[in-house]
Amino acid sequence: MKRQRSRRDFLTGRAAADAVADAAAGGLPDDPSQGPPHRAGGPSYLIHVARRAMACEFEVRFSAGQYQRDTETALEVLDLVETLEDQMSAFRETSEICRINRTAAREPVEVEPRLFELLELGMRLYHETQGAFDLTAGPLWETWGFARRAGAVPDEGRLVEALRGVGSHLVELDPPHKTIRFTREGVQLNLGSIGKGYALDRCAERLLQAGIADFLLHGGHSSVLARGSQRPPQPEPGENPAGEWVVGLRHPLRPNRRLAEIRLRDRALATSGSRIQSFVHEGHRYGHILDPRSGRPAEGVLSATVIAPGAALADALSTAFYVMGPQAALDYCRARPEIGTVLICPVRHSGGIEIRTAGLAEDELRLL
């Protein structure tokens, strides 16, 4: 059973160990595509500081007693997530993204510098993935009913109309002036496929600036960022002295089963899967991750996990890899050694699964 805690509650000592036990039993994650992070080498005393934002729970974890003002600093850092949600949400009329969506088809709109950098990353990934990642794909999500959690197959006319406003080639960025412009009406930005990772990156910056170098951040357990290691004040004999953070990957079809574990140190991880947000129509399952090029749900991958230097990059690429399919995703990783992936794909004739990987060292991935 999940333990309730208020904004300024935190866990330490025996309570922290109990929370880790809950997590290992699958009691904490909202997203069953991925298990909770924990430490290699056995239990330790952890502090957990959490905040609800962006439709999930954000959490900071670090070792008890390692830093002064650690809990207060973590709470201050998580305040940033709420600020970023106010800026990036496509569902809040006062957000900067909504202001862009209302105005950019008529005139260039000035963008806050850090948000502009994120949009530049999105545009770069659009080209690198041949359109599989696209910040303008939100209208398709609405057309399929996923925005209302009422999925339904749209008629062809509605789908064609929605596709007219989809495509990052319809977005123009002006780096010297930090402005954005849409080349036609109907274009809408939605940062749902990159926003959580970006928030983790910004939180990590704040923690490092405050002198906290060993921590793990997650947003809904589908986006994770690790820095340094977990270092208990007095390691028990036989404990792994390296203290790597370890993230479990769950079976996309059997949420209670863990398939693998990935060791994270100074890297980020994100997993995309559509089993939870999906619907069945005439015997066929349709997932919420849509191919922005065709306007239809992507197929061929059950879950895509990406390990990358930053969380925004991992977040975006996990969505892109799910859409691209296994061969194109593996080719992308092989051309970029800083990117790793674990793809879980269906085996059609047997109903089983196949695990395909690239860009990971032997000691980073352990299949269970």
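Structure notes:
- Any hit, the stretch 218-226, residues being out of contact with any helix residue (DSSP H, G or I) (no Cβ under 9 Å at 6 or more places or on another chain) and of a type in the set (S, T, N, Q): no
- Subset of the stretch 272-296 that is assigned to a strand (DSSP E or B) and touching a Ser or Thr at 6+ places or on another chain (Cβ under 7 Å) - its residue that is surrounded by the most Cβ atoms within 10 Å (Cβ to Cβ): S272
- Meets criteria (without any contact (Cβ under 8 Å) to a residue 12 or more places away in the chain, out of contact with any Ser or Thr (no Cβ under 9 Å at 6 or more places or on another chain) and in a strand (DSSP E or B)) for E354: yes
- Selection status of S303, out of contact with any helix residue (DSSP H, G or I) (no Cβ under 6 Å at 6 or more places or on another chain), crowded, with 24+ Cβ neighbours inside 10 Å, hydroxyl-bearing (S, T, Y) and touching a residue at least 60 places away in the same chain (Cβ under 8 Å): yes
- Qualifying residue in the stretch 187-209 (condition: farther than 29 Å from E76 by Cβ, at pLDDT 95 or above and of a type in the set (S, T, N, Q)): yes
- Residue within the stretch 109-118 that is part of a strand (DSSP E or B) and either at pLDDT 95 or above or more than 24 Å from A312 (Cα to Cα) (or both) present: yes
- Answer residue from the stretch 318-358, given it is modelled with pLDDT of 95 or more and small (G, A, S) and is farthest from L135 (Cα to Cα) among those: A358
- Test: residue in the stretch 134-152 that is assigned to a loop (DSSP other than H, G, I, E, B), within 26 Å of the chain's Cα centre (by Cα), modelled with pLDDT of 95 or more and of a type in the set (D, E, K, R): yes
- Residue within the stretch 305-315 that is farther than 29 Å from A162 by Cβ and part of a loop (DSSP other than H, G, I, E, B) present: yes
- Restricting the stretch 102-160 to residues that are out of contact with any Ser or Thr (no Cβ under 7 Å at 6 or more places or on another chain), in contact (Cβ under 8 Å) with a residue 40 or more places away in the chain and among the hydroxyl-bearing types (S, T, Y) leaves a set whose member that is farthest from V187 (Cα to Cα) is T129.
The values are calculated or read from the model by the stated rules, or taken from the named source; none is laboratory data. All of these numbers come straight from a predicted model, not from anything done at the bench. Glycine gets a Cβ as well: all are built from the backbone with ideal geometry, and neighbour counts include every protein chain shown.
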